Amino acid sequence: MLTVLIEAGDDAPALGTSLASLVSGAVEGLVREVVVLDVGMDAGTRKVADHAGCRVAPAADLSAVVAAAKGDWLLLIEAGSRLSSDWIEDVTVHLSEVERGTRTPHAARFSRSTQDRPSFLARLRQKRTALTEGLLLPKAQAVGLSKSAASIEAMAKGVATTRLNAAIRVAARSG
């Protein structure tokens, strides 16, 4: 049902953190494949991706990767982000509502974990990315977005979404 896309550089622990939170989704049959887009991966990060059974593809092939995705929906997350334990149920409900016709096939974002919600002043100074809360979107929409995007971050910018109840722990930011 889902193809997960993660861009990874030279931070094997961050990739491992994200992949660990996806294991339960793979066991439940929700995660069909995970594609790690190489944005300067080192040998350690590549080893983590390989050992987890991920397909590694050059980031420059984003449009082709999205078009070839096995899932009907794509989940885009930052390396280092962790989905909460209830993410499977929430995503399944979202997808089943779309399938039943009670919800339009609309993109969705996770709710930021209460542990990661910054104060008002911190939010004003914070650099926020379009993938901070992840992005779940129908493959057809992803194919269209990927044609003009150079990264999954660029694909996620400006996409109208609904909010899922399941939480995401955001990736740690350096600097």
Of residues in region 48-80 being within 12 Å of L19 (Cα to Cα) and of a type in the set (V, I, T), the one surrounded by the fewest Cβ atoms within 10 Å (Cβ to Cβ): V48
Considering residues of region 81-94 that are surrounded by fewer than 18 Cβ atoms within 10 Å (Cβ to Cβ) and β-branched (V, I, T) only, the residue nearest to A171 (Cα to Cα): T92
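Could you tell me which residue of region 14-30 is farthest from E99 (Cα to Cα), considering only residues that are of a type outside the set (S, T, N, Q) and in contact (Cβ under 8 Å) with a residue 40 or more places away in the chain? Steps first, please.
Here is the first cut: in region 14-30, the ones of a type outside the set (S, T, N, Q) are 14-16, 19-20, 22-23, 25-30.
Those still in the list that are in contact (Cβ under 8 Å) with a residue 40 or more places away in the chain too: 14-15, 20, 22, 25, 28, 30.
Working: A14: 33, L15: 31, A20: 28, L22: 22, G25: 19, E28: 18, L30: 15 Å.
So the residue we want is A14.
May I ask you to say which residue of T3, T17, T45 is over 16 Å from the mean Cα position of the chain (by Cα) and of a type in the set (S, T, N, Q)? Before you say what the answer is, go through the steps one by one.
Details: T3 fails: over 16 Å from the mean Cα position of the chain (by Cα); T17 fails: over 16 Å from the mean Cα position of the chain (by Cα).
On inspection, the qualifying residue turns out to be T45.
Give the residue that is modelled with the lowest pLDDT, with candidates limited to residues of region 99-140 that are within 15 Å of the chain's Cα centre (by Cα) and among the polar types (S, T, N, Q). Full working, then the answer.
Of region 99-140, the ones within 15 Å of the chain's Cα centre (by Cα) are 107-112, 129-139.
Now restrict to residues that are among the polar types (S, T, N, Q): 111, 129, 132.
Values: S111: 90, T129: 74, T132: 88.
This residue is T129.
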Residue that is surrounded by the fewest Cβ atoms within 10 Å (Cβ to Cβ), among those in region 3-27 that are more than 27 Å from V143 (Cβ to Cβ) and of a type outside the set (A, V, I, L, M, F, W, C): P13
S81 being touching a residue at least 24 places away in the same chain (Cβ under 8 Å) and under 15 Å from the mean Cα position of the chain (by Cα): yes
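The values are calculated or read from the model by the stated rules, or taken from the named source; none is laboratory data. Being a predicted model, the structure only gives us computed values, none of them experimental. No Cβ is skipped: glycine too gets one built from the backbone with ideal geometry, and neighbour counts run over all protein chains shown.
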